[in-house]
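Here the structure is laid out as structure tokens; the discussion comes afterwards.
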Amino acid sequence: MLAPTRTIALGLLAFALCCVQRAAAVVQDWQLIDTSNSNELVGTWSSGSHQVLTGLGFFWPANRTFTPPPARGISYSFSADGFWEQSMYLAQPNPRKPQCVGSQLIWQHGTYEVLSNGTLILTPFWHEGAQLVSSSCSGGNTTELAYNEREIWATAEVWYEQVMGVPVKSLRLTDPWGNRRTNMNLVYRPPQMLPTEKLYVSVSRPACALHRSALWSGSLPRRCVDSFRPILCPMSILDASCPLQVYGL
């Protein structure tokens, strides 16, 4: 009969060997994304409780409004033909006023490229992204701003992890300085995305002045007349009704 201490030691050794074997199995499931397996990115990925998702339920491009999800998180989608979309609902702490917690809703889309060394480059369609910034101390006031952020990830890793006993495909993005995005799980494949082409047409100030009398015969938004920067009108809306949907940048 084995001594109790020896029995415990053997039990611990068996447990350790089991853990090593399981860890080895997990390592075998890891894949670093490169040009040979970039199709592994395809789909909609979401963090946490999967409340934040790309697509129409988060951002409405016709009037550039957000629908805040019940919980914060991030979501990325990748199509098989090289397009991507991003939705993020983030908390913004205020060190000067800790009681005033800020929130940031972000949406953008564009094209992506996977290089031979595994680098993932996400290039947005310029001037199409949007962000909405608010604070718990702002009395409900929000500010909608343009958002255009090119992202470069040194590695994109895909693997399977156990979530409540079920294998779930996961994605982790790491930048060139070792900073990582929150891990995301695959939620939809094919991805859930807004139309992947450019959603807006850029109209310059001279075009505004030209069309004001010819088509719009009314008061044009002041930001269109007074700004030298372009405005954006959704491509799905005719020029005649564009003043109702003009966005200054």
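So which of Ile74, Ile152, Ile106 is out of contact with any Asp or Glu (no Cβ under 9 Å at 6 or more places or on another chain), of a type outside the set (S, T, N, Q) and more than 18 Å from Glu40 (Cβ to Cβ)?
Of Ile74, Ile152, Ile106, the one residue that is out of contact with any Asp or Glu (no Cβ under 9 Å at 6 or more places or on another chain), of a type outside the set (S, T, N, Q) and more than 18 Å from Glu40 (Cβ to Cβ) is Ile74.
Among the candidates Ser77, Ser49, Ser87, which residue alone is in the same structural domain as Trp153 (by TED's automatic domain parsing), more than 11 Å from the chain's Cα centre (by Cα) and either in a loop (DSSP other than H, G, I, E, B) or surrounded by 15 or more Cβ atoms within 10 Å (Cβ to Cβ) (or both)?
When all the criteria are applied, what remains is Ser49.
The conditions are (1) surrounded by 16 or more Cβ atoms within 10 Å (Cβ to Cβ); (2) modelled with pLDDT under 95; (3) among the β-branched types (Val, Ile, Thr), and Thr35 fails exactly one of them. Which is it?
Going through the list (1) surrounded by 16 or more Cβ atoms within 10 Å (Cβ to Cβ); (2) modelled with pLDDT under 95; (3) among the β-branched types (Val, Ile, Thr), Thr35 breaks only (1).
The values are calculated or read from the model by the stated rules, or taken from the named source; none is laboratory data. Note that this is a predicted model, so its numbers are computed, not measured. No Cβ is skipped: glycine too gets one built from the backbone with ideal geometry, and neighbour counts run over all protein chains shown.
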